[in-house]
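Visitor: So that we are looking at the same thing, I have put the structure below in C-alpha cells.
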Amino acid sequence: MGMLDTTRSAGEAEHHEEGPVARAIEGQTAKLPSDAFLWAAFGAMGVAAFFQMRRQNHISLFVGQWAAPLLIMGLYNKLVKVGGSDRFS
C-alpha cells in the first residue's frame, strides 16, 4: 500500500473506536462550554500581566505559560463536540 490510500470513496470513513478512558474524558469535556477555555486563557494572561507589573517575574512567567495549554484544551473540547467517538455509538 502506498503513502496515500485513494481506494476509498469520499463518503467512506474509517471506523475507529476509542477506549473507555478516552470516551470518559470526551464525555466530561463535552459538558464544558468551549469559550470557558478561552476566558481561562485570557484570565491567565491578565494574571501574568498583573504579576509582571508587580515585578514578580517568575510567577508571571509560570502563570503566563498556562494560556497555550488552555487554548489547546479548548480546541480539543471543540473537536470532541464536532466529531468525537460518540458519533459512531
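Visitor: Pairs of alpha-carbon atoms within less than 8 angstrom and 6+ residues apart define the contacts here; what relative contact order does region 33-81 have, in percent?
Guide: Result for region 33-81 is 48 percent.
Visitor: Once phi is turned into θ = phi - 60°, what whole-Hz ³J(HN,Hα) does the Karplus curve with 6.51, -1.76 and 1.60 give for every residue of region 28-40, x standing for Gly and Pro?
Guide: With the stated coefficients, region 28-40 comes to 7, 6, 5, 6, 7, x, 4, 6, 4, 5, 5, 5, 5 Hz.
Visitor: For Ala49 and Ile72 in one chain, what is 0.36 nm times their gap in residues minus the Cα-Cα distance, to one decimal in nm?
Guide: 6.2 nm
Visitor: Here's a follow-up. Set the Förster radius R0 to 41 Å, insert the Cβ-Cβ distance between Gln56 and Ala22 as r into 1/(1 + (r/R0)^6), and round the FRET efficiency to 0.05.
Guide: Given R0 = 41 Å and the Cβ-Cβ separation, E is 0.60.
Visitor: Give the calculated FRET efficiency between Lys81 and Phe42 to the nearest 0.05, with a Förster radius of 25 Å applied to their Cβ-Cβ distance.
Guide: 0.75
Visitor: Next question. Residues with amide H under 5 Å of Gln56's amide H, sequence separation 5 or more or different chain, H placed in the peptide plane at 1.01 Å from N; which?
Guide: Excluding prolines and chain starts, which carry no amide H, there are no hits.
Bear in mind that the values in this text are calculations on the coordinates, not laboratory data. Owing to the predicted nature of the structure, the values given are computational and were not obtained by experimental measurement. Reconstructed Cβ throughout: ideal geometry from the backbone, glycine too, with neighbour counts over all protein chains shown.
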